[in-house]
Amino acid sequence: MYPYLKELNDIQREAVEAVEGPSLVIAGAGSGKTRVLTYRITHLLNLGKAPSNILALTFTNKAAREMKDRIGNMIGNKIIKYLWMGTFHSIFAKILRIESKLINYPSSFSIYDSQDSKNLIKTICKELNLDPQVYKANEVLGRISFAKNNLVTASNYANNFQIKTSDKNSRKPEIYRIYQIYENRCKTAGAMDFDDLLFKTNMLFDQFPEILKKYQEKFKYILVDEYQDTNFSQYLIIKKLANKHHNLCVVGDDAQSIYAFRGARIENIFNFKKDYPENKVFKMEQNYRSTQNIVNAANSVIDKNKSQIKKNVYSENESGNKIKLFEAYTDHEEGYLIANMINDIRYRDHDNFSDFAILYRTNAQSRILEEALRKKNIPYKIYGGLSFYQRKEIKDLLAYFRLIINPLDDEAFKRIINYPKRGIGKTSLDKLLQLAKDQDISIWQAATKLNVVNIQLSGAVVKKFHEFMGLISNFTTMINTDDAYEVARKIAVNTGILKDLHSDKTPEGISRHENIQELLNGIKEFTNTEEEDTPNLIEYIENVSLLTNDDKSNDNNNDKVILMTIHSAKGLEFKSVFLTGLEEDLFPSKFTVSNITELEEERRLFYVAITRAEKNLCISYAKTRYRWGQLVDCRPSRFIRDINPDFIEQESPLLTMKNYKSKNRFNLKQESTPDKNTEKSYSSFKKQNDKTSTFNSRLKKINKTSSTNISTTEGNNTEGIKTGEIVEHERFGQGTVVNIEGDFPNTKATIEFNSAGTKQLLLKFAKLKVIKKYN
DNA sequence: TGCGTGCTTCTTTTT
DNA sequence: GAAGCACGCA
């Protein structure tokens, strides 16, 4: 018996050893899923299977990397690179590049990220004269994405009665045209979006059976992680590939399916037994991660869901503490409470900062939490959010890389044609775009025709275009000879990007410059592999297009509290977890509560969040929270009531701010002296509430837009606006201020509007423009 | 043509 | 509260 098999429990071991035939591993939270996958691959290799015959698919780069590391530790790193292991998108991008000729794409096709896709859709909508209010890029992209994930081509879309009816009903009957043009443009640009990578793989396998056969024979052993998150497109690819050998092992947990919103089909895991009748099922139900109390609480939550595979997840760890529930007065206080708790627990248990995670439903919630941590000098790190690769300066430089590698890439072209400034403005570019559109060619191709086509561009402008193209072409030749870092550095220097950023001495400019340097360093690292041939820029960009948030982790201080969305926390575990913002409309999100299926997905998300915790779990909600720059009242989430009360306890409101009224937010008066604990929190709370700075800046704006001389002295009751003045309101039009009452900041003005009669407005929120001063 | 300003919109989650 | 967009001025 192989020694590593002894480290597994019975079910895990059976799952690892059942290498032939289809197996379904139902892996409850914390049951050692990754372990089974890595051991299974190790086992395959030990049985003498060739690494190049093994295909292992994950959803995130993080998961792939972790698995590689762990297998590397068991069997050595040399073999790893022959394994086909990576995300769905990266693996099939690789295959598509190899087979690109068959589907008429350049092997160096670009990959459009969602921003590129949205920009393209916006452009198309503009060309079609469609109302951008109705045809929102996000929604249109969503529809196209939905279609692609269900293998509906643009022409099928146009001919599908059901889809068209649905589009008509949502008053967007032109989406089919957008889809067609979008497809066309991607094709001429030699670009694929994320969904295309899967969609076109399906097309490739359908249209070229001999190619499918080649990969079927190659991938004798297929493993799929997080099977519950596969969409239809992914499901079909797997089905096709596994059709020959049937050595397919899928691992997943239906209770942790949280990506239906982007097309994941939880049914895939339910239907596995039907799809592969000779299947073996392994149910891993023992949770090694969390205390009994946490596991029980999580079970009591997921029990409320109707659609699920029944499981008996249990823990044999200590019973542990109850879940703590905190009611905070405001979002700021929530952060303050958490920061205090972290310090307390850390001190009590001698923990590291990295033992703590703060989870939230939306990225927007992170800022206030950060603020609280900073005030307490707690180091933290945010996962996700605006990722490094989404920053403007990074995208600019990457756009150069993309265009150099694939000159057809229209979105890259548009991004950098005038960055840094080279005197090509909107008007000139528009003419070029028109030419490209008329001739149905890429922008680059259109630009090469400027000399022969009769176009209303001055010779000087044409020359500028050609200079730009010369610049790009120079680099193109360099790519194959120089290594990635050298080329990248030259691009950053010769294009003037570095110079442009270097001259910007604002803090943002300096930070941008640093980011570029950091990217260059990243490329250097990428080229410093142990392999014989150093990778060129093409390989780098192929790699980087599919990287997202989490990847950049070259931070040497890793002892930090982790902040992230619940979605990105999947697969991770922390000794202590703070789950924040448990409020109706936030979690569950207001977009989901009307639909049972979606609500169940939110509940699974809640389940995922709970099961991240090993020992301590604190759940919190705020009674008021800033949203859209306004304070809103919040109710505690229904999910809190889903937890069996035996496993949760409300913390005594030691720190909560009973003292402050919630209704009269602009009248924050201290009814009694706050205790020491709340004092600091109160001051930050009040500061935020006053929004003095915002108010003053609005006054400044009023000052600027009007010709009146308005005093902005603080303490002046009217804060600038006086009776008798004529003001303009965005909705009610012009009116006269007839009365002012109340103290700053809740000054109320009564205004007689010509159109709308007399209105009382809270000046703080009234959008007023002073037209002229009466006296 | 470029740049600054102010207005509007948007925020659920991500490969 | 940020980012894109339109508008108007230099």
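The values are calculated or read from the model by the stated rules, or taken from the named source; none is laboratory data. All values derive from a computational prediction rather than experimental measurement. Neighbour counts run over all protein chains shown; Cβ positions are idealised from the backbone, glycine included. Ligands, DNA and RNA are stripped out before the accessible areas are found, and what is left, the full protein with its side chains, is counted by its heavy atoms. Shrake-Rupley method; radii C 1.70, N 1.55, O 1.52, S 1.80 Å.
A few comments on the model shown:
- With respect to the stated conditions, A:Met203 is open to solvent by 30 Å² or more (accessible area, probe 1.4 Å) and either among the aliphatic types (A, V, I, L, M) or within 16 Å of DNA strand C (Cβ to nearest atom) (or both).
- Apart from one condition, A:Asp116 fits all of (1) at pLDDT below 90; (2) under 22 Å from A:Asp229 (Cα atoms); (3) in contact with a strand residue (DSSP E or B) (Cβ under 8 Å, 6 or more places away or on another chain); (4) of a type outside the set (Lys, Arg); the exception is (2).
- Residue count for segment A:342-356, restricted to those that are assigned to a helix (DSSP H, G or I) and in contact with a strand residue (DSSP E or B) (Cβ under 9 Å, 6 or more places away or on another chain): 7
- Screening A:Lys273 with (1) in a helix (DSSP H, G or I); (2) at pLDDT below 95; (3) within 27 Å of the chain's Cα centre (by Cα); (4) not aromatic (Phe, Trp, Tyr) gives one miss only, at (3).
- Residue list for segment A:132-166, filter: open to solvent by less than 60 Å² (accessible area, probe 1.4 Å) and within 16 Å of DNA strand C (Cβ to nearest atom): A:Val134, A:Tyr135, A:Ala137, A:Val140, A:Leu141
- Residue check, A:Ile222 closer than 18 Å to A:Lys273 by Cβ, out of contact with any Pro (no Cβ under 8 Å at 6 or more places or on another chain) and of a type outside the set (S, T, N, Q): yes
- Scan of segment A:105-126 for residues that are free of Cβ contacts under 8 Å to residues at least 40 places away in the same chain and either surrounded by 20 or more Cβ atoms within 10 Å (Cβ to Cβ) or assigned to a loop (DSSP other than H, G, I, E, B) (or both), ordered by number: A:Ser107
- Total residues in segment A:95-104, condition assigned to a helix (DSSP H, G or I) and surrounded by 15 or more Cβ atoms within 10 Å (Cβ to Cβ): 5
- Across segment A:447-461, the number of residues qualifying as in contact with a helix residue (DSSP H, G or I) (Cβ under 9 Å, 6 or more places away or on another chain) and farther than 16 Å from A:Ile416 by Cβ comes to 10.
- Candidate set from segment A:613-641 (those that are more than 14 Å from DNA strand B (Cβ to nearest atom) and part of a loop (DSSP other than H, G, I, E, B)); member that is least open to solvent (accessible area, probe 1.4 Å): A:Cys634
- Unmet requirement for A:Leu44, which otherwise passes all of (1) of a type outside the set (Lys, Arg); (2) in contact with a Lys or Arg (Cβ under 6 Å, 6 or more places away or on another chain); (3) surrounded by 18 or more Cβ atoms within 10 Å (Cβ to Cβ): (2)
- Residue within segment A:120-135 that is within 16 Å of DNA strand B (Cβ to nearest atom), under 26 Å from A:Val224 (Cα atoms) and not hydrophobic (A, V, I, L, M, F, W, C) present: no
- Qualifying residue in segment A:310-324 (condition: part of a helix (DSSP H, G or I), touching a residue at least 24 places away in the same chain (Cβ under 8 Å) and crowded, with 22+ Cβ neighbours inside 10 Å): no
- Candidates A:Val281, A:Val295 - the one that is buried (at least 23 other Cβ atoms within 10 Å of the Cβ) and either of a type in the set (Val, Ile, Thr) or part of a strand (DSSP E or B) (or both): A:Val295
- Set side by side, the residues A:Ile211, A:Ile238, A:Ile266 differ, and just one is touching a strand residue (DSSP E or B) at 6+ places or on another chain (Cβ under 9 Å) and in contact (Cβ under 8 Å) with a residue 24 or more places away in the chain, which is A:Ile238.
- For segment A:576-627, a tally of residues being touching a Leu at 6+ places or on another chain (Cβ under 8 Å), β-branched (Val, Ile, Thr) and more than 16 Å from DNA strand C (Cβ to nearest atom) returns 6.
- Members of segment A:554-595 that are free of Cβ contacts under 8 Å to residues at least 60 places away in the same chain and among the aliphatic types (A, V, I, L, M): A:Leu582, A:Val593
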